[in-house]
Amino acid sequence: MNTLQPPRPSFKEQMLRAREDAIVEAASRLLGEKGFETMTVDEVAAAVGIAKASLYKHFAGKDDLCSAAMVHVVERLQRFLAALPAELGAMQRLHALLCWTLQLQLADEVPLLPSRNSALAQALRACDAYQASMQEVHACILGWIVEAQAQGQLRRELPPDVILCALLARNSDPMLGMLRDRGYADECIIDWAADTCLSGLASGPAMRAA
């Protein structure tokens, strides 16, 4: 029995979709470069090469636009997680994730988690798509953390949520910019930042104040 194929989008629908994708891409880039408070809708429209009125046909305002950009960022992260080689262990996956997010930060791309008190964070609390995607990401990462703890690679006395937050906090780590200002190469900065983060979470003897 033949199954019905969904109708093919019209040329106009394809053009509108392509323009919307371009708007979201531009918003993502400007969010990373300038931040939510400084970025303007006019700048996004100019980057895409359209009138601001045309942009408003796709998004009601700055909050909606930036929420869509953040959903795009999380979807990109989900694709990265899904593409990791199946043979990698839990600790290797966490290391790869950490290095990837550090690369994004050095490239001035959108942070995975905006500042908690920022206007963008407030807008995202009302964005169901972003919240649902982030919950899926958190569940995936927490699974790797629990697995690494069971294998004795991460400190078992730390709640998995603590380790998750420690990894995500690297998304807004000033250490990267400070080291770059001192002339270090991005590859070295990523290695050092990942090592200093994971070494504090890894299982094994730890230095403690007397």
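The values are calculated or read from the model by the stated rules, or taken from the named source; none is laboratory data. Every value quoted in this text rests on a predicted model; they were computed, and no experiment measured them. Don't worry about glycine lacking a Cβ; one is built from the backbone with ideal geometry, like all the others, and counts go over all protein chains shown.
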Q | Odd one out for Ile145 among (1) assigned to a helix (DSSP H, G or I); (2) at positive phi | A | (2)
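Examine the stretch 188-201 for a residue that is at pLDDT 85 or above, small (Gly, Ala, Ser) and surrounded by fewer than 11 Cβ atoms within 10 Å (Cβ to Cβ), and state whether such a residue exists.
Let us first name the residues in the stretch 188-201 that are at pLDDT 85 or above, namely 188-198.
Add one more test, that the residue is small (Gly, Ala, Ser), and what stays is 193-194.
Checking the rest, the ones that are also surrounded by fewer than 11 Cβ atoms within 10 Å (Cβ to Cβ) come to none.
No: the stretch 188-201 contains no residue that is at pLDDT 85 or above, small (Gly, Ala, Ser) and surrounded by fewer than 11 Cβ atoms within 10 Å (Cβ to Cβ).
Have a look at Ala185, Ala166 and point out the one that is surrounded by fewer than 12 Cβ atoms within 10 Å (Cβ to Cβ) and not basic (Lys, Arg).
Numbers: Ala166 fails: surrounded by fewer than 12 Cβ atoms within 10 Å (Cβ to Cβ).
Exactly one residue qualifies, and that residue is Ala185.
Residues of the stretch 51-66 being aliphatic (A, V, I, L, M) and in a loop (DSSP other than H, G, I, E, B), which ones?
Ala51, Ala60
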(Q) Given the criterion touching a residue at least 24 places away in the same chain (Cβ under 8 Å), under 30 Å from Gln149 (Cβ atoms) and either charged (D, E, K, R) or surrounded by 15 or more Cβ atoms within 10 Å (Cβ to Cβ) (or both), identify the matching residue among Leu65, Leu102, Leu31. (A) Leu102
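Which ones in the stretch 150-174 are part of a helix (DSSP H, G or I) and either touching a helix residue (DSSP H, G or I) at 6+ places or on another chain (Cβ under 6 Å) or closer than 17 Å to Ala96 by Cα (or both)? Before you say what the answer is, go through the steps one by one.
Applying the first criterion (part of a helix (DSSP H, G or I)) to the stretch 150-174 yields 150, 160-172.
Correct list: Pro160, Ile163, Leu164, Cys165, Ala166, Leu167, Leu168, Ala169, Arg170, Asn171.
Might you let me know whether the stretch 69-78 holds any residue that is charged (D, E, K, R) and farther than 30 Å from Met178 by Cβ?
Our first condition is that a residue be charged (D, E, K, R); within the stretch 69-78, this holds for 75-76.
Within this subset, residues satisfying the condition of being farther than 30 Å from Met178 by Cβ are 75.
Yes.
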(Q) Of the conditions (1) over 17 Å from Cys197 (Cα atoms); (2) touching a helix residue (DSSP H, G or I) at 6+ places or on another chain (Cβ under 7 Å); (3) not in a helix (DSSP H, G or I), Ala123 satisfies every one except a single condition; which number is it? (A) (3)
Q) When only residues in the stretch 9-50 that are among the hydrophobic types (A, V, I, L, M, F, W, C) and not in a helix (DSSP H, G or I) count, which is farthest from Ala107 (Cα to Cα)? A) Ile50
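Let me confirm something: among Arg79, Arg8, Arg19, which residue is under 22 Å from Tyr130 (Cβ atoms) and free of Cβ contacts under 8 Å to residues at least 12 places away in the same chain?
Numbers: Arg8 fails: under 22 Å from Tyr130 (Cβ atoms); Arg19 fails: free of Cβ contacts under 8 Å to residues at least 12 places away in the same chain.
Only one candidate passes the filter, namely Arg79.
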(Q) When you scan the stretch 87-100, do you find a residue that is modelled with pLDDT of 90 or more and over 22 Å from the mean Cα position of the chain (by Cα), even just one? (A) yes
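Just give me the residues in the stretch 85-110 being in contact with an Asp or Glu (Cβ under 6 Å, 6 or more places away or on another chain) and either assigned to a loop (DSSP other than H, G, I, E, B) or closer than 19 Å to Asp161 by Cα (or both), in sequence order. Even if it seems obvious, please write down each step before you answer.
Here is the first cut: in the stretch 85-110, the residues in contact with an Asp or Glu (Cβ under 6 Å, 6 or more places away or on another chain) are 90, 106, 108.
Within the stretch 85-110, Ala90, Asp108 qualify.
Yes or no, residue by residue, for (1) in contact with a helix residue (DSSP H, G or I) (Cβ under 8 Å, 6 or more places away or on another chain); (2) more than 21 Å from Leu142 (Cβ to Cβ); (3) not charged (D, E, K, R):
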residue: Val44; (1), (2), (3): yes, yes, yes
residue: Ala69; (1), (2), (3): yes, yes, yes
residue: Arg76; (1), (2), (3): no, no, no
residue: Leu81; (1), (2), (3): yes, no, yes
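Could you say which residue among Ala126, Ala86, Ala45, Ala150 is exposed (fewer than 15 other Cβ atoms within 10 Å of the Cβ) and either over 26 Å from Ala202 (Cα atoms) or of a type in the set (S, T, N, Q) (or both)? Spell out the reasoning first.
On the way: Ala86 fails: either over 26 Å from Ala202 (Cα atoms) or of a type in the set (S, T, N, Q) (or both); Ala45 fails: exposed (fewer than 15 other Cβ atoms within 10 Å of the Cβ); Ala150 fails: either over 26 Å from Ala202 (Cα atoms) or of a type in the set (S, T, N, Q) (or both).
Matching residue, one of Ala126, Ala86, Ala45, Ala150: Ala126.
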